[in-house]
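Worksheet: the structure to be examined is printed underneath.
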């Protein structure tokens, strides 16, 4: 647990090194993600659907800080079996040209419903495809990992949706 805390703090503190170099770019996005849930207790995998929205802003030329709010549930019965998802993320832009901006991301995730909640983390990667000056398409693979009740659950999903850029 100490190692996870140290890595998380390190990732959160890195962006302050390039704070003054940031071009103030804000992105707001929505996503839909078909996926699967797996568990360490050996229960069968289930297909899932996740949707939500988020946003991030530049800390430097390559680092971004953001957050998301969403919902994940079983594909067959989404609104009767789901969890709210709240996350804070740091993203690193791997490279960029006028059309493609690939990135990797890591962050804290909080899963919740009316009765309980669980802590977790998320990691993933994807690309932002610029379609027009202020509108793009975000495509991403994300693994949201939750710990609780003596088990670890992975919510794996392929996300896609519109992204709006403001600068």
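How high is the FRET efficiency from residue 158 to residue 61, r the C-beta distance, R0 22 Å, rounded to 0.05? Mind showing how you got there, number by number?
On the way: r = 27 Å, r/R0 = 1.25.
With R0 = 22 Å, the Cβ-Cβ based efficiency is 0.20.
To the nearest Å, what is the center-to-center distance of the range 99-125 and the range 28-74, using C-alpha atoms only?
Result: 6 Å between the Cα centres.
What's the exposure ranking of 135, 63, going from fewest to most Cβ atoms within 10 Å? All intermediate terms of the calculation are to be shown ahead of the outcome.
Values: 135 11, 63 21.
Least to most surrounded, the residues fall as 135, 63.
Measuring from label point to label point, each 7 Å out along Cα→Cβ, what is the residue 139 to residue 167 span in nm?
2.3 nm
Among 100-111, 142-153, how do they line up from the highest to the lowest mean number of other beta-carbon atoms within 10 Å?
Details: 100-111: 18.2, 142-153: 16.7.
Peptide ranking by packing, descending: 100-111, 142-153.
Sort 53, 166 so that the residue with the fewest other Cβ atoms within 10 Å of its own Cβ comes first and the one with the most comes last.
On the way: 53 14, 166 11.
In order of increasing Cβ crowding within 10 Å: 166, 53.
Can you tell me the length gained on complete extension of the stretch residue 40 to residue 28, counting 0.36 nm per residue apart and subtracting the Cα distance? Walk me through the numbers on the way to the answer.
Details: separation 12, 0.36 × 12 = 4.32 nm, distance 3.39 nm.
0.9 nm is the gain from fully extending residue 40 to residue 28.
How would you rank 128, 154, going from fewest to most other Cβ atoms within 10 Å of each one's own Cβ? Please report the intermediate quantities before stating the final value.
On the way: 128 22, 154 17.
Listing 128, 154 from fewest to most nearby Cβ atoms yields 154, 128.
Read-outs throughout are calculated quantities, based only on the coordinates presented, and are distinct from any laboratory measurement. A quick note: this is a predicted structure, and the numbers were derived from the prediction, not measured. Neighbour counts run over all protein chains shown; Cβ positions are idealised from the backbone, glycine included.
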